[in-house]
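Chemist: This is the structure I have questions about; it appears just below.
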Amino acid sequence: MQDKKLLKVLGGESVFPPPLWMMRQAGRYLPEYRAMREKAGSFLDLCYDPDFAVEVTLQPIRRFGFDAAILFSDILVVPHALGRDLRFVEGEGPRLTPIEVSEIGRLDEAGNFHAHLAPVYETVRRLRAELPEETALIGFCGAPWTVATYMIAGRGTPDQAPSRLFGFREPEALAALLSKLAKVSADYLIRQIDAGADAVQIFDSWAGVLDEASFEAWCVKPVAEIARRVREKHPATPIIGFPRGAGSLYAGYRKSTGVTALGLDWSVPLSQARALQADGAVQGNLDPLRLVAGGRALDEGVDAILETLGGGPLVFNLGHGITPECPIENVERMVRRVRRGSAIA
Ligand code: CP3
């Protein structure tokens with residue numbers, strides 16, 4: 001018997017009020033996160049410290065009783081584990097040394113990948129033991145394209161121009177990099193599931209900057225490879241795909257990648273989201289700035305999602321991560337409104 005609401009919905013059941021969690025739910029909008037973050041070391045050290053990572057993963061569960069916890073880590077621990085250098089600069093974001101074509105074939109020469117990530121697996125094991133039975137634990141990785149954009153540019157950019165150009169000029173090199181990332185990311189997810197993750201999410205945050213052919217080659221194909229490999233080992237574990245900004249290309253994504261559920265960004269029209277529910281669960285898709293604004297903007301956003309999608313398999317979430325300036329009381333208001341299922345009651 002499955003008593004985790006999130007897993008029921010990911011399995012295709014309609015549950016109302018829907019299960020609820022938030023992308024980036026452990027983070028800087030929480031005073032208890034900021035307090036711990038201040039005494040501890042660098043962000044990256046925290047990702048590799050199971051005591052810290054377990055504690056901050058649990059913080060939003062204690063406060064809001066979400067239906068799912070998401071492992072506290074970052075998508076960029078994967079290139080780090082492959083031997084790329086990585087730093088997080090306060091107030092700016094990640095910095096890596098841009099990878100050269102000649103280095104792609106030599107990634108993880110030391111074969112140190114899983115040893116490097118052992119603290120993450122330890123965090124997952126401890127979390128599964130500590131979380132309430134009804135709370136699902138979500139593991140995650142970045143999709144190969146999104147991770148590659150940071151490896152190639154060495155930082156975040158507004159439109160991933162360096163990586164798009166790299167792919168057009170050096171198609172074999174990008175294909176080799178994506179294929180390597182797909183393989184190790186699948187292994188990484190398999191280990192998280194072995195350690196106790198109930199579901200996994202693949203974040204393709206930069207899927208929306210690509211033309212149709214590149215989306216197919218650089219987003220769909222590597223994610224399909226991850227899903228295939230994970231399924232081979234763990235056929236029953238749901239996989240949530242989040243190709244942010246995919247627009248009309250969301251339509252074929254579940255089928256072409258084999259993911260179980262679709263994470264929707266806030267630009268996906270609810271009528272399109274409703275149509276996507278015909279093939280399985282959808283997750284999303286409140287604009288995080290409605291949550292920052294609160295009041296009517298928030299209530300109307302929540303109600304529209306519940307009204308349009310609440311009759312089918314829905315995981316209520318934001319359309320991207322919660323922002324650090326978001327007031328806690330607005331999160332409380334959202335949780336109350338979703339739990340009340342106001343739109344249908
Ligand atoms: O969702 C969660 O609560 C789980 C933890 C999580 C983090 N990052 C923690 C984090 C997850 C799932 C991620 C995913 C991630 N990381 C993505 C994909 C999703 C998305 O947001 O698009 C990407 C692109 C990254 C890379 C990354 N990490 C960037 C660009 C930054 C800097 C920008 C920022 O928001 O600070 C990070 C830092 C980061 N990752 C923080 C947290 C809590 C903030 C670090 C801090 O506390 O100083």
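The values are calculated or read from the model by the stated rules, or taken from the named source; none is laboratory data. Model, not experiment: these values are computed from the prediction. Note: ideal-geometry Cβ built from the backbone for every residue, glycine included; neighbour counts use all protein chains shown. SASA here: full protein model, heavy atoms, side chains in, ligands and nucleic acids out. Shrake-Rupley method; radii C 1.70, N 1.55, O 1.52, S 1.80 Å.
Chemist: How high is the FRET efficiency from Glu325 to Ala213, r the C-beta distance, R0 45 Å, rounded to 0.05?
Modeler: My answer for the efficiency is 0.75.
Chemist: Turning to a different aspect of this structure: Run the quick spin-label model on Ala129 and Ala278: label points 7 Å from Cα toward the beta carbon, then report their separation in nm to one decimal.
Modeler: 4.8
Chemist: Another question, then. With axes computed from alpha carbons, what is the tilt in degrees of helix 50-64 against the longest principal axis of the chain, rounded to the nearest 10 within 0 to 90?
Modeler: 20
Chemist: State the percent of C-alpha pairs, over all pairs in the stretch 139-293, separated by a distance greater than 27 angstrom.
Modeler: 21
Chemist: With springs only between Cα atoms under 10 Å, which of Gly319, Gly156, Gly105 fluctuates most in a Gaussian network model of the chain?
Modeler: Fluctuation is largest for Gly105.
Chemist: Bin width 10 Å, origin at 0, all Cα-Cα pairs of the stretch 298-345: what percent of pairs per bin?
Modeler: The percentages, shortest bin first, are 24, 57, 18, 1.
Chemist: Ignoring everything except DSSP H segments at least 4 long, calculate the 222 nm mean residue ellipticity for the chain; use -39,500 (n - 2.57) per segment, divide by total residues, nearest 500.
Modeler: -14000 deg cm²/dmol
Chemist: Please compute P(r) over all alpha-carbon pairs of the stretch 1-50, binned at 10 Å starting from zero, and give each bin as a whole-number percent.
Modeler: Using 10 Å bins, I get a P(r) of 20, 33, 20, 25, 2 for the stretch 1-50.
Chemist: Quick check: the angle from helix 144-153's long axis to the longest principal axis of the chain, C-alpha only, nearest 10 degrees?
Modeler: Roughly 60 degrees between the two axes.
Chemist: Here's another thing I want to ask about it. Taking one equal scatterer on every alpha-carbon of the stretch 196-270, how large is log10 of I(q)/I(0) by Debye at q = 0.11 1/Å?
Modeler: The computed values of log10 I(q)/I(0) come out as -0.25.
Chemist: Next question. Can you check what the net charge comes to around Ala281, using other residues whose Cβ is under 11 Å from the Cβ of Ala281 (Lys, Arg +1; Asp, Glu -1)?
Modeler: Computed value for this residue: 0.
Chemist: Considering only the stretch 5-340, what is the antiparallel percent among its DSSP beta bridges, to the nearest 5? Intermediate values should be presented prior to the final figure.
Modeler: Details: 4 of 27 bridges.
Just about 15 percent of them are antiparallel.
Chemist: Same structure again: Count the net charge of all other residues whose Cβ sits under 14 Å from the Cβ of Glu325, scoring Lys and Arg as +1 and Asp and Glu as -1.
Modeler: Charge balance near Glu325 sits at +3.
Chemist: Also, quick follow-up: Quick check: residue separation of Thr97 and Asp85 times 0.36 nm, minus the Cα distance between them. What number comes out in nm?
Modeler: Full-extension gain reported as 3.7 nm.
Chemist: For the Cα atoms of the chain, what angle does the longest principal axis make with the long axis of helix 118-130, in degrees from 0 to 90, nearest 10?
Modeler: It is inclined by approximately 20 degrees.
Chemist: Convex hull volume of the Cα atoms in the chain, per residue, in Å³?
Modeler: 122
Chemist: Who wins for biggest fluctuation among Ser271, Ser214, Ser73 in a Gaussian network model of the chain, springs between alpha carbons below 10 Å?
Modeler: Greatest mean-square fluctuation among the candidates belongs to Ser271.
Chemist: Just to confirm, what accessible area per residue do you get for the chain at 1.4 Å probe, in whole Å²? Please list the in-between numbers first.
Modeler: Working: 13950 Å² over 345 residues.
Each residue of the chain exposes 40 Å² on average to a 1.4 Å probe.
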